[in-house]
Amino acid sequence: MTPRMKKTTSPAEAGQILSAVRRKGLSTGFVPTMGGLHEGHLSLVRMSLARSDYTVVSIFVNPKQFGEGEDFDRYPRAAERDSELLEELGCDLLFVPAAGSLYSDADRTSVSVSSLGDHLCGAARPGHFDGVLLVVAKLLNITRPDHAFFGQKDAQQAVIIQRMAADLDFPVRIFLGPTVREEDGLAMSSRNRYLSAAERAAAPKMRAGLLAAAEAIEKGERDASALKKIVIAGMAAGGFEIDYVEVVDGRTMQPIAEASGTVLLAAAGKMGSTRMIDNIAMKVGPEGAGETLLEFPGWSRYER
Ligand code: AMP
């Protein structure tokens, strides 16, 4: 019989459990989430299970990464179902800290990464990535995993976290998983459950716009403003209120005028009251181009 998944809400206990695991010589993998689990999250858990002897998943809806007027209060919380899904998959430890166990009024430290957050979601959601980095830094220090797994769905977030881990010498190797999609192309997201039936039907238009721009690149278009127009037209056809559409260098997250090298086509917009994001990463040469998984630069000093 496979042992039951352990659960804890205590950072100290999570740390102790994982120290004991490490003392046995086992490798550890970590997947941080905000819960409301779907196949996108589960794909990262499977990556961890395949690569690590022991997998820990955290569920924490981090108040510090939500801005004023954002959806912190209504963010989907589905603790029991999430726990069942993780146990079925073979996750070893579920860590669900309470906000009070991670933050206190005495805290004075912040974590921020410069320039990588100047555009895209960093510009659209001031303070968001500082909130993400603070919680990820804390969770990495509590769990001290060998491997940590993030999704390309949040490409800018993954790049920023990779940078932080390298700059601050976190002894962890960061892995990126591809964006998992519904059959009609919609990127899976906990927020998709906010959508009405009509909104859900229109939501794949963001992906369609990004794909149309990717096809244009494949056919030779390199001009970023022409590419942005294609994405905007797709999103407008779906009724999105556009937050941003950008063509950025996939390593620096800075806007580029011409698509070349590792290119990230990124979009964000509101479908009704639901904010949605998506992206496509491409390797673009003078002749050819193709969709690819975003490649992390070799920043990590800890290749395990
Ligand atoms: P969240 O619970 O939204 O904070 O996401 C937790 C992790 O799952 C992050 O690394 C996300 O990038 C990743 N993730 C969310 N949606 C998807 C998806 N559709 N495909 C792959 N990874 C995802």
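We did not get these values from a lab; they are worked out from the coordinates using the rules stated. Remember, it's a predicted structure, so these values are computed and weren't measured experimentally. So basically every Cβ, Gly included, is an ideal-geometry build from the backbone, and we count neighbours across all protein chains shown.
When only alpha carbons are used to place a centre, the stretch 179-207 and the stretch 118-161 end up 23 Å from one another. Stokes-Einstein diffusion coefficient for the stretch 224-280 at 37 °C in a medium of 0.692 mPa s, Rh from the Kirkwood formula over Cα pairs: what value in µm²/s? Translational D for this selection: 284 µm²/s. Among 67, 269, 117, the largest mean-square fluctuation in a Gaussian network model of the chain (Cα springs under 10 Å) belongs to 67. Pairs exceeding a 32 Å alpha-carbon distance, out of 7/205; 64/283; 205/283; 138/283; 24/138; 153/219: 7/205; 64/283; 138/283. Under 5 Å between amide hydrogens, built in the peptide plane, is the criterion, and for residue 250 it picks out 262, 263, 264 among residues at least 5 positions away or on other chains.
Applying the criteria of a DSSP loop state and at most 12 other Cβ atoms within 10 Å to the trypsin sites (Lys or Arg not before Pro) of the stretch 166-247 yields 219. Normalised by the number of residues in the chain, the average gap of Cα pairs under 8 Å and 6 or more apart makes the relative contact order 17 percent. Residue separation of residue 249 and residue 50 scaled by 0.36 nm, minus their Cα-Cα distance, works out to 68.6 nm of gained length. When all alpha-carbon pairs of the stretch 61-144 are counted, what percent fall beyond 21 Å? It works out to 43 percent of all Cα pairs.
Each residue of the stretch 238-246 was assigned a 3J(HN,Hα) from its phi angle through the Karplus expression (A = 6.51, B = -1.76, C = 1.60, θ = phi - 60°), giving x, x, 5, 8, 7, 8, 7, 9, 9 Hz with x at Gly and Pro. Spin-label model, residue 13 to residue 293: label points 7 Å out along the Cα-to-beta-carbon direction sit 3.4 nm apart. Remark on the stretch 162-304: ratio of C-alpha radius of gyration to 2.2 N^0.38 Å is 1.12.
Solvent-free Debye calculation, one equal scatterer per alpha-carbon of the stretch 7-179: log10 I(q)/I(0) at 0.09, 0.20 Å⁻¹ equals -0.28, -1.59. Using R₀ = 51 Å, calculate the FRET efficiency as 1/(1 + (r/R₀)^6) where r is the Cβ-Cβ separation of residue 257 and residue 4; round to 0.05. Using R0 = 51 Å, I get an efficiency of 0.40.
With one equal scatterer per alpha carbon and no solvent term, the Debye-computed log10 I(q)/I(0) for the chain at 0.12, 0.13, 0.14, 0.16 1/Å reads -0.80, -0.94, -1.09, -1.38. When you filter the GluC sites (Glu not before Pro) in the stretch 133-210 for DSSP loop state and at most 12 other Cβ atoms inside 10 Å of their Cβ, you are left with 183. A DSSP coil position with no more than 10 other Cβ atoms inside 10 Å describes the following GluC sites (Glu not before Pro) in the stretch 59-167: 68. Listed values for the stretch 250-263 are Karplus-derived 3J(HN,Hα) couplings in whole Hz (6.51 cos²θ - 1.76 cosθ + 1.60, θ = phi - 60°), namely x, 9, 9, 6, 9, x, 10, 7, 10, 6, 7, x, 7, 10, and x replaces Gly and Pro.
Annotation for residue 80 and residue 114: the two label points, set 7 Å from Cα along the Cα-Cβ direction, are 5.1 nm apart. Across the stretch 35-86, Cα-Cα pairs more than 12 Å apart make up 69 percent of the total. Residues whose amide H lies under 5 Å from that of residue 35, counting only those 5 or more places away or on a different chain, are 60; hydrogens are built 1.01 Å from N in the peptide plane.
By the helix-only formula, in which each DSSP H run with n ≥ 4 contributes -39500 (n - 2.57) and the sum is divided by residues, the chain has a 222 nm mean residue ellipticity of -11000 deg cm²/dmol. Largest first, the extents of the alpha carbon coordinates of the stretch 1-80 on the three principal axes equal 46, 28, 21 Å.
3J(HN,Hα) couplings calculated from phi for the stretch 153-163 with the Karplus curve 6.51 cos²θ - 1.76 cosθ + 1.60 (θ = phi - 60°) are, in sequence order, 3, 10, 4, 5, 4, 4, 5, 5, 5, 4, 5 Hz; Gly and Pro show x. If R0 is 41 Å, the Cβ-Cβ spacing of residue 88 and residue 201 corresponds to a FRET efficiency of close to 0.85. Of the residues 62, 141, 279, the one that moves most in a GNM of the chain with alpha-carbon contacts below 10 Å is 141.
With the convex hull drawn around the C-alpha atoms of the stretch 146-236, the volume per residue stands at 134 Å³.
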